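The values are calculated or read from the model by the stated rules, or taken from the named source; none is laboratory data. Just so we're clear, the structure is a prediction, and the values are computed from it rather than from any experiment. Note: ideal-geometry Cβ built from the backbone for every residue, glycine included; neighbour counts use all protein chains shown.
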Amino acid sequence: MVLVPILVILMTLALPEGPLSADTAPSVSTTQQITGRDVYSPDVLPDPGGNGYIMWYGGWQTQQTVDSGQFDTIYRRSAPTPTGPWSDPTTQITAAQVAPQVTEVNDPSVSVTSVNGSVQYTMFFTALTCKPGSPGCTTVLELAANGELWSATSSDGNTWGSFQRLSIPDPQHVGVSSPSVVLQPSGAQEWLVYYGSGCLIGIASVDANRNVLSSSIAYTGPGTQCMANPFVFQSGTSWHMFFDVLEPTSIDSFRFDVWKTSSASPIDWSGATSTPVVVVNGVQQCAAITSAVLPVSDNQFDLYFGLVVPSISGVCDDLTQSTSIVMSAMTASELDTTGSPAAPTTNPPASPSPPAVPLSNAVLGHGPMALNQPLVGMATTPDGGGYWLVSGDGGIFSFGDAGFHGSVGGTALDAPIVGMAPTADGLGYWLVAGDGGIFAFGDAAFDGSMGGTPLNRPIVGMAPTADGRGYWLVAGDGGIFSFGDANFDGSVEGTGLDAPIVGMAPTHDGQGYWLVASDGGIFAFGDAAFDGSMGGTPLSRPIVGMAPTADGLGYWLVAGDGGIFAFGDAGFDGSAGGLPRAPVIGVAARGAAGGYLLASQDGAVFSF
């Protein structure tokens, strides 16, 4: 798994050995194997020469490596036993060895075969083909989209060459990464290579010359999980797949747990159910990532994985804080355990029916779009069966049962569009510009604007009254401007805000409203109840919007990284934390349909 190489000041954190558990999740006792800076993705095999065991893994290993301009690298260690003691690391493959366009390498998976009576090692690994931090290579999804699978060979498992890319089709441009190789000769096929693709697990048939014969999605899970980093092996007549699951909660978006599933076939995983194996608590342990299993005997299976701990800020906000690779021994009965114990979270999400398509494609009609300008707002129809998106140039994009009633796209504007609001019956909408200009379409009435009036701060949002016969505009300093039958119930203008206002939402009867600031502060006026806020709580990304529940007894806040924070009777149904390619710009309740939608600047929509 290629992770964002964030350069931070390293705070040495001592990781105690002991159980990892949370609430009723399976308790896993671990022993620390190796330590380092951003170390993860182990692959452990018996040494073919009979000299103990070899561990290949990826990461930075030291802060000095990163400071020198070299990011993820593949390393090797050896040990007399599966539990160490492990030798000092030796560098195996750097990005510069592979190809000019490659900037990082990681996720080694090694197969040992006999060629003409001699041992040959074949390594499959992930290569990143963009420079982290450069345009188009900043967010987690942008990095993932630039992931490729490569391979290399070696006669001694130390010196690698003959680098070759695996040409796996990627029509959705989500990237392919984290290979797990299984030696499975069948006709022209030499190996099966499993890999992560979006939030799904793929499989490729590869011949002895490392050419891809075919590829497809092997496992979609229940359709509500984002999965990554598969590891597949055989035990007896059963095949087992371990993989990471992003466990988004209302307070973090970096939590990964290890899950597993089993099948009687290495290629048919349809109908397989998954269960959690390692569940971190999200406090002392942030994530368990990139697992690998070493079958030691018929009744012992050693599970290795990278363990992520809190960053210097004390919170789980940096996956490069994988400071150790740990091991947990499993028995055959534990390996074959079935059932589906719940993976606990600090704010457990509901269990909706699986969507018709996997989470990675769980958008209502589209993914990222070709836009003249980024999206700035969204609104849903009353029944939740459709929505509108609006871009900064006033372009309108309609989906589902949302009708197109006009736009200002292509019209010279005095100021960019910053938001929109629907009428009560969904047969019209208003657009609002940063200078307070109002543009009404469909059955939306024009009741006035601030266009042409000097403002202390630009307008950042608007909200309609319950009957659609009026609306409020809100400025970044918290100033409120009322039009039509919208009552002025108060503002925070001139109160000395800790952070600017970024949005507002009306109560269900239109007799009040909430304002939300970028630090998560909530300000309630009229009959709007204060049900909590994120004010004073450290956030990974600023809040960018809010949406009320249908009865007005709760609300959701959304951050720029897709994190969701639920208050009152607003249910937490999941978040897009860490998933969007571009920053999230807002959240909208789905009305009668229940749940909510998130939209990002590039036009992707996430449904929960």
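Here are the numbers:
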| quantity | calculated |
| --- | --- |
| Matching entry among G410, G406 (being part of a loop (DSSP other than H, G, I, E, B) and touching a strand residue (DSSP E or B) at 6+ places or on another chain (Cβ under 8 Å)) | G406 |
| So I438, is it surrounded by 18 or more Cβ atoms within 10 Å (Cβ to Cβ), β-branched (V, I, T) and over 17 Å from H405 (Cβ atoms) | no |
| Complete set of residues in segment 96-141 that are under 28 Å from V182 (Cβ atoms) and of a type in the set (D, E, K, R) | E104, D107 |
| Any hit, segment 317-336, residues being under 23 Å from N229 (Cβ atoms), of a type in the set (A, V, I, L, M) and assigned to a loop (DSSP other than H, G, I, E, B) | yes |
| Given (1) hydroxyl-bearing (S, T, Y); (2) at pLDDT below 90; (3) not in a loop (DSSP other than H, G, I, E, B), index of the condition S575 fails | (3) |
| Total residues in segment 578-602, condition buried (at least 22 other Cβ atoms within 10 Å of the Cβ), modelled with pLDDT under 80 and in contact with a Gly (Cβ under 8 Å, 6 or more places away or on another chain) | 3 |
| Filter result for the condition that a residue is surrounded by 15 or more Cβ atoms within 10 Å (Cβ to Cβ), assigned to a strand (DSSP E or B), in the same structural domain as V293 (by TED's automatic domain parsing) and modelled with pLDDT of 95 or more, over Q92, Q97 | Q92 |
| Leading residue by the ranking (surrounded by the most Cβ atoms within 10 Å (Cβ to Cβ)) among those in segment 316-336 that are under 30 Å from G236 (Cα atoms) and small (G, A, S) | S328 |
| Odd one out for Y513, checked against (1) more than 15 Å from R457 (Cα to Cα); (2) buried (at least 21 other Cβ atoms within 10 Å of the Cβ); (3) modelled with pLDDT under 95 | (3) |
| Among the candidates P310, P352, residue that is surrounded by fewer than 21 Cβ atoms within 10 Å (Cβ to Cβ) and modelled with pLDDT under 50 | P352 |
| Those residues of segment 409-435 which are at positive phi and surrounded by fewer than 16 Cβ atoms within 10 Å (Cβ to Cβ), in sequence order | G410 |
| Selection from segment 356-398 of residues that are modelled with pLDDT under 70, touching a Phe, Trp or Tyr at 6+ places or on another chain (Cβ under 9 Å) and not in a loop (DSSP other than H, G, I, E, B) | L359 |
| Conditions (1) in a loop (DSSP other than H, G, I, E, B); (2) within 24 Å of D443 (Cα to Cα); number of the one not met by L497 | (2) |
| Selected residue (criterion: nearest to the chain's Cα centre (by Cα)) from residues of segment 62-81 that are part of a loop (DSSP other than H, G, I, E, B) and modelled with pLDDT of 95 or more | T81 |
| Unmet criterion (only one of (1) outside any loop (DSSP other than H, G, I, E, B); (2) more than 28 Å from S78 (Cβ to Cβ); (3) modelled with pLDDT under 95) for P169 | (1) |
| Answer from V206, V232, V212 - the residue that is surrounded by fewer than 17 Cβ atoms within 10 Å (Cβ to Cβ), in the same structural domain as E148 (by TED's automatic domain parsing) and either within 21 Å of V176 (Cα to Cα) or without any contact (Cβ under 8 Å) to a residue 12 or more places away in the chain (or both) | V212 |
| Hey, T290 at pLDDT below 95, within 19 Å of G36 (Cα to Cα), more than 18 Å from the chain's Cα centre (by Cα) and in a strand (DSSP E or B) or not | no |
| Answer residue from segment 229-265, given it is of a type in the set (A, V, I, L, M), modelled with pLDDT under 90 and part of a strand (DSSP E or B) and is nearest to D336 (Cα to Cα) among those | V245 |
| Qualifying positions in segment 445-461 - under 34 Å from the mean Cα position of the chain (by Cα), assigned to a loop (DSSP other than H, G, I, E, B) and crowded, with 20+ Cβ neighbours inside 10 Å | none |
| Leading residue by the ranking (surrounded by the fewest Cβ atoms within 10 Å (Cβ to Cβ)) among those in segment 100-111 that are out of contact with any helix residue (DSSP H, G or I) (no Cβ under 9 Å at 6 or more places or on another chain), of a type outside the set (S, T, Y) and in contact (Cβ under 8 Å) with a residue 60 or more places away in the chain | V110 |
| Yes/no for D561 being acidic (D, E), surrounded by fewer than 22 Cβ atoms within 10 Å (Cβ to Cβ), assigned to a loop (DSSP other than H, G, I, E, B) and touching a residue at least 24 places away in the same chain (Cβ under 8 Å) | no |
| Hits in segment 469-478 - residues which are surrounded by fewer than 20 Cβ atoms within 10 Å (Cβ to Cβ) and within 15 Å of I522 (Cα to Cα) | D477 |
| Among (1) of a type in the set (A, V, I, L, M, F, W, C); (2) in contact (Cβ under 8 Å) with a residue 40 or more places away in the chain; (3) surrounded by fewer than 21 Cβ atoms within 10 Å (Cβ to Cβ); (4) not in a strand (DSSP E or B) - the single one W269 does not satisfy | (3) |
| Residue within segment 143-150 that is within 26 Å of the chain's Cα centre (by Cα), in contact (Cβ under 8 Å) with a residue 12 or more places away in the chain and within 26 Å of P48 (Cα to Cα) present | yes |
| Selection from segment 299-316 of residues that are among the β-branched types (V, I, T) and not in a strand (DSSP E or B) | V309, I312, V315 |
| Subset of segment 112-132 that is surrounded by 14 or more Cβ atoms within 10 Å (Cβ to Cβ) and in a loop (DSSP other than H, G, I, E, B) - its residue that is modelled with the highest pLDDT | T129 |
